[in-house]
């Protein structure tokens, strides 16, 4: 018998600052839409809406799926501190 | 010249990037890594913009401190970072080990197109297109 997980309920938050997003979804991955960027070359934005969140990187993509058609561009960010060490890669 | 700021409080140099695929674009945070030959993107990201392992150019093996890992190379429609955009840009799609909370790496496959300077005291990266030295042999 194949068990399937229920589809995550779609939601869209009110516009939030990055500090508010980090407080609401600590140490999680989030998908953001309607990102009100301050400029192109850094992460700074005034507000954005959250359409997905979760502990695994792929979680917010699944939750954000219903919003793909309306929002061509989505942000995918981690709200916690990036953990070390990073492996040295050689190809 | 393009200037990109980065957060001095973080343990790694993390820069904003954007990739475009068949089903939209994603804004990501990538680690600037001059020790990586390739630019690396996590599989769940390329999947979400409409790519599939069947779109690969080649299978790859990545040797890291953790051992051998398998990935593949892929040409994505557009890739933007540090103020510059490339079309049909080749990336290595590779699952960075669990516990690394980033979407990938900006490696030398991107950086070798530029002269760049990382100013760690002020948290800025300045980038300009590489110009061939007319006096070099």
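Values quoted throughout were computed directly from the atomic coordinates according to the rules given, and no laboratory measurement underlies them. These numbers come from a predicted model, not from an experiment. Backbone-built Cβ (ideal geometry, glycine too); neighbour counts: all protein chains shown.
Neighbour counts of other Cβ atoms within 10 Å put B:4, B:39 in the fewest-to-most order B:4, B:39. Across peptide A:20-32, the mean count of Cβ atoms from other chains lying within 10 Å of each residue's own Cβ comes to 1.
Shielding by partners for peptide A:48-58, expressed as the average number of C-beta atoms from other protein chains within 10 Å of each residue's C-beta, is 2.
How shielded is A:74-82 by partner chains, expressed as the average number of their Cβ atoms within 10 Å of its Cβ atoms? Walk me through the numbers on the way to the answer.
Values: counts 7, 7, 10, 8, 6, 1, 1, 4, 10.
Whole-number average of other-chain Cβ neighbours for A:74-82 is 6.
Let me know the shape class of the stretch B:2-129, please: from the alpha-carbon gyration tensor, a ≥ b ≥ c as square roots of the eigenvalues, rounded when a/c is under 1.5, otherwise prolate if a/b is greater than b/c, or oblate. Prolate shape, in that a/c is at least 1.5 and a/b is the bigger ratio. Each label point was placed 7 Å from the Cα along the Cα-to-Cβ direction; for residue B:119 and residue A:46 their separation is 2.8 nm.
Distance between the pseudo-spin-label points of residue A:70 and residue A:14 (7 Å out from Cα toward the beta carbon): 1.7 nm.
Helical content of chain B, expressed as a calculated mean residue ellipticity at 222 nm, amounts to -1500 deg cm²/dmol (DSSP H runs of 4 or more residues, -39,500 (n - 2.57) each, divided by residue number, nearest 500). Taking 0.36 nm per residue of separation and subtracting the current Cα-Cα distance, fully stretching the chain between residue B:131 and residue B:86 would add 14.5 nm. For the stretch A:39-53 versus the stretch B:34-51, the inter-centroid distance based on Cα atoms is 20 Å.
Packing-based ranking of B:8-17, A:35-44, B:28-37 yields B:28-37, B:8-17, A:35-44, ordered from highest to lowest mean Cβ neighbour count within 10 Å.
Across the protein assembly as shown, counting alpha-carbon atoms alone, Rg and Dmax equal 17.7, 71 Å.
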